[in-house]
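Visitor: Below is a structure I'd like to ask you about.
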Amino acid sequence: MNKSICALAVVFLAATTAVAQTPAGGNMFTIAKNTLDVMHQVEDSKQVPASASTDCQNALRGDIISHDCVDDIETNPADNDFAKMCNAPADGKDDHRCSPDQVNSALDTLESRCGKELNEKNSDVVGYYTRWQTYTLNYDILCSKTASGGYCVQSPSDTQCVRDQVNRIQAWKPPRQEKYVNDSAAELHAAAIEAAKQNNIEIKPGNGGSNGAGSSSAANHFYASSTEVVAIAAYTALLYLTVASL
């Protein structure tokens with residue numbers, strides 16, 4: 001049998017096994033963390049897009065969009081402030097998360113004072129909007145806990161944690177109807193679909209954002225488990241070897 005064919009098959013099988021071993025829920029937590037970190041960094045820097053109007057720039061620097069509760073963002077579960085924030089009401093007080101009213105005020109301000117930029121799809125300003133749209137969802141993901149009381153973000157492969165986040169993301173409804181992008185939580189929806197695929201989790205049709213985001217046909221059936229995927233890949237490789245040796 002051709003040695004190069006054997007080597008190719010070994011590499012192929014190793015790659016498919018590696019895919020099966022990829023942490024299933026990690027991407028959902030990473031996306032949530034990164035989005036909140038960007039909010040914090042933007043607030044700290046006070047940098048605003050030069051392409052925005054003066055009124056929009058002033059709004060982005062103002063206390064409604066750059067609220068103290070954004071400055072208090074904490075995404076490291078090893079820090080005491082993280083537990084304090086997650087365990088406290090979302091009321092915008094020191095070391096607490098932003099309240100629903102603060103989220104809505106930020107979105108109101110963006111729509112009223114940066115409406116031109118949003119309608120023109122200014123990517124920087126749309127970024128502010130989508131981060132505020134998903135703020136509560138991102139924190140709900142990071143503050144979720146395992147059955148034993150630890151934070152899921154520290155155990156991203158915990159089966160129940162993965163299932164909880166998939167369900168949470170698919171059930172999410174944005175605070176506002178999506179007008180400037182198709183889906184503010186597009187990255188999270190994609191990560192949830194991938195996690196569902198890897199964990200044999202059913203995603204029900206019709207779940208997702210206000211525009212039906214996340215309910216693509218690929219997500220509307222019961223996914224094959226990673227074990228099944230690897231088994232199929234292994235069978236395909238063996239079949240290829242058999243044919244090649246003839």
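The values are calculated or read from the model by the stated rules, or taken from the named source; none is laboratory data. Everything quoted here is computed from the prediction, not taken from an experiment. Don't worry about glycine lacking a Cβ; one is built from the backbone with ideal geometry, like all the others, and counts go over all protein chains shown.
Visitor: Scan segment 63-84 and tell me whether some residue there is more than 21 Å from L137 (Cα to Cα) and at pLDDT below 95.
Guide: Residues of segment 63-84 more than 21 Å from L137 (Cα to Cα): 63, 80.
Still in the list and also at pLDDT below 95: 63, 80.
Yes, the conditions are met somewhere in segment 63-84.
Visitor: On to the next question. Please go through segment 146-203 and give me each residue that is buried (at least 22 other Cβ atoms within 10 Å of the Cβ) and either touching a strand residue (DSSP E or B) at 6+ places or on another chain (Cβ under 9 Å) or on the phi > 0 side of the Ramachandran plot (or both), ordered by number.
Guide: If the condition is that a residue be buried (at least 22 other Cβ atoms within 10 Å of the Cβ) and either touching a strand residue (DSSP E or B) at 6+ places or on another chain (Cβ under 9 Å) or on the phi > 0 side of the Ramachandran plot (or both), then C152, C161 are the ones that fit.
Visitor: Within segment 66-78, how many residues turn out to be assigned to a helix (DSSP H, G or I) and of a type in the set (A, V, I, L, M, F, W, C)?
Guide: Selection size over segment 66-78: 2.
Visitor: Here is a further query. What number of residues within segment 22-41 satisfy the criterion of being outside any helix (DSSP H, G or I) and more than 20 Å from Y151 (Cβ to Cβ)?
Guide: Matching residues across segment 22-41 total 1.
Visitor: Residue by residue through segment 84-122, note down the ones that are among the hydrophobic types (A, V, I, L, M, F, W, C) and in contact (Cβ under 8 Å) with a residue 12 or more places away in the chain. Lay out the reasoning, then the answer.
Guide: The initial filter retains those residues of segment 84-122 that are among the hydrophobic types (A, V, I, L, M, F, W, C), namely 85-86, 88, 90, 98, 103, 106-107, 110, 114, 118.
Listed by number, the residues that qualify are M85, C86, A90, C98, V103, A106, L107, L110, C114, L118.
Rundown of residues vs (1) within 19 Å of the chain's Cα centre (by Cα); (2) at pLDDT below 95; (3) among the hydrophobic types (A, V, I, L, M, F, W, C); (4) in a helix (DSSP H, G or I), yes/no style:
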site: A90; (1), (2), (3), (4): no, no, yes, no
site: R97; (1), (2), (3), (4): yes, no, no, no
site: V103; (1), (2), (3), (4): yes, no, yes, yes
site: A106; (1), (2), (3), (4): no, no, yes, yes
site: E111; (1), (2), (3), (4): no, no, no, yes
site: K116; (1), (2), (3), (4): no, no, no, yes
site: Y129; (1), (2), (3), (4): yes, no, no, yes
site: Y139; (1), (2), (3), (4): yes, no, no, yes
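Visitor: Could you tell me which of the residues V181, V125 is assigned to a helix (DSSP H, G or I) and closer than 30 Å to S53 by Cα?
Guide: Only one candidate qualifies: V125.
Visitor: Right, something else. Could you tell me which of the residues D55, D63, D44, D81 is in a helix (DSSP H, G or I), over 23 Å from A32 (Cβ atoms) and among the acidic types (D, E)?
Guide: Testing whether each residue is in a helix (DSSP H, G or I), over 23 Å from A32 (Cβ atoms) and among the acidic types (D, E) leaves just D55.
Visitor: Considering only segment 157-176, how many residues are in a loop (DSSP other than H, G, I, E, B), within 24 Å of W132 (Cα to Cα) and in contact with a helix residue (DSSP H, G or I) (Cβ under 7 Å, 6 or more places away or on another chain)?
Guide: 4
Visitor: What is the one condition in (1) out of contact with any Lys or Arg (no Cβ under 7 Å at 6 or more places or on another chain); (2) over 25 Å from S51 (Cα atoms) that Y151 does not satisfy?
Guide: Against the list (1) out of contact with any Lys or Arg (no Cβ under 7 Å at 6 or more places or on another chain); (2) over 25 Å from S51 (Cα atoms), Y151 comes up short only on (1).
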